[in-house]
1. Starting from residues that are more than 24 Å from Arg44 (Cα to Cα) and of a type in the set (D, E, K, R), keep the ones in region 87-134 and report whichever is nearest to the chain's Cα centre (by Cα).
2. Only one residue in Leu19, Leu10, Leu35 is over 16 Å from the mean Cα position of the chain (by Cα) and either buried (at least 17 other Cβ atoms within 10 Å of the Cβ) or not basic (Lys, Arg) (or both), so which one is that?
3. Report whether or not Gly171 is in contact with a helix residue (DSSP H, G or I) (Cβ under 8 Å, 6 or more places away or on another chain) and not basic (Lys, Arg).
4. For region 153-197, what are the residues that are open to solvent by less than 20 Å² (accessible area, probe 1.4 Å), out of contact with any Ser or Thr (no Cβ under 7 Å at 6 or more places or on another chain) and assigned to a loop (DSSP other than H, G, I, E, B)?
5. Out of all the residues in region 267-303, which are among the acidic types (Asp, Glu) and either outside any helix (DSSP H, G or I) or surrounded by 24 or more Cβ atoms within 10 Å (Cβ to Cβ) (or both)?
6. For region 198-207, give me each residue that is in a helix (DSSP H, G or I), surrounded by fewer than 18 Cβ atoms within 10 Å (Cβ to Cβ) and in contact with a Ser or Thr (Cβ under 9 Å, 6 or more places away or on another chain).
7. Check off (1) open to solvent by less than 10 Å² (accessible area, probe 1.4 Å); (2) touching a residue at least 60 places away in the same chain (Cβ under 8 Å); (3) in a loop (DSSP other than H, G, I, E, B); (4) under 14 Å from Arg60 (Cα atoms) for Leu101 and give me the number that stays unchecked.
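The values are calculated or read from the model by the stated rules, or taken from the named source; none is laboratory data. Please read these numbers as outputs of a predicted model, since none were measured by experiment. Cβ: placed from backbone, ideal geometry, glycine included. Neighbour counts: every protein chain shown. All accessible areas refer to the heavy atoms of the entire protein, side chains included, with ligands and DNA or RNA removed. Shrake-Rupley method; radii C 1.70, N 1.55, O 1.52, S 1.80 Å.
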Amino acid sequence: MTSSSSFTTLITVAELQALMDSGRPMMVFDCTFDLAQPSLGGVRYLESHIPGALHADLDRDLSAKHGAPGAAGTLTATEGDMPASGGRHPLPNRERLATWLSSIGFANDMQAVVYDRNGANYCGRLWWMLKWAGHDAVAVLDGGLQAWTAAGKPVATGEEPAHFQSNFALGEPLRQLVTAAEVQTRLGQPGQTIVDARATPRYRGEVEPLDPVAGHIPGALNRPFGLNLGPDGHFKPAEELRAEFEALLDGRAPATVVHQCGSGVSAIPNLLAMEVAGLGPTALFAGSWSEWCSDPSRPVERS
């Protein structure tokens, strides 16, 4: 499904341009989104995007269309479309993901490149989902659309032509999805290290603008996802990221890490950064804090 020349973590603007010029099968996704104004991502895409890129919307395409956390954090679903996680942005199950990929013409022999203009916050979701679907050839455009335009590359406006439908075949998951029950069962055990990507005031429980309960999962370490980027909006060098994560883990094994945030989206820049640093792959608790705190019986820590 992939080749030795595939891009699997980050891709630079120059590498993307060379890939586009090569004629290799590929698809570019613009994952721009705005949490406060969900419709704004599509507007921004129509205003300006990399030529040929398709818009992948967090709410419409990258979250479950049916199903949400029910009482005590259980999942409910309609039409047999059970989401793979709870939380504010429930993860679609793998079959739903394959159906969407097929509908837009994405095929197993394609290189995927994902980007946004939000500090790699939202495009990481699709990067992870493709890995979870068994597709390794997916990379995040380092620096996002800002890096593309800063390099003087052209942009397009409006909609892109539709692609013929494909038949995307799921492979064995290449990344691990962890459930709330699994996190709770392993709480406090040496085989699990939780890393919370939310802003420190939310982690400490000082403020909570989005979820009904403030605080964090007991024992979780805090690394706000924005720390992975330098002032130029690019991911920090691998050596720098490695040193920062090793300091955070303080002797804990990288393989024990489970990443979470508020709804499972902004945790992924941390997960990706650990892979860039040579410390991955690691696991994702996609339901994250929004699913965890939906069950009042689950413990909460504030500090």
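1. Ranking the qualifying residues of region 87-134, first place goes to Lys131.
2. Leu19
3. It is false that Gly171 is in contact with a helix residue (DSSP H, G or I) (Cβ under 8 Å, 6 or more places away or on another chain) and not basic (Lys, Arg).
4. Val178
5. Glu291, Asp295, Glu301
6. Result: Arg204, single match.
7. Unmet for Leu101, out of (1) open to solvent by less than 10 Å² (accessible area, probe 1.4 Å); (2) touching a residue at least 60 places away in the same chain (Cβ under 8 Å); (3) in a loop (DSSP other than H, G, I, E, B); (4) under 14 Å from Arg60 (Cα atoms): (3).
Quick grid of which residues meet (1) free of Cβ contacts under 8 Å to residues at least 60 places away in the same chain; (2) within 21 Å of Phe285 (Cβ to Cβ); (3) β-branched (Val, Ile, Thr):
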{"residue": "Tyr122", "(1), (2), (3)": "no, yes, no"}
{"residue": "Leu126", "(1), (2), (3)": "no, yes, no"}
{"residue": "Trp132", "(1), (2), (3)": "yes, yes, no"}
{"residue": "Asp136", "(1), (2), (3)": "no, no, no"}
{"residue": "Leu145", "(1), (2), (3)": "no, no, no"}
{"residue": "Glu160", "(1), (2), (3)": "no, no, no"}
{"residue": "Phe168", "(1), (2), (3)": "no, no, no"}
{"residue": "Val178", "(1), (2), (3)": "no, yes, yes"}
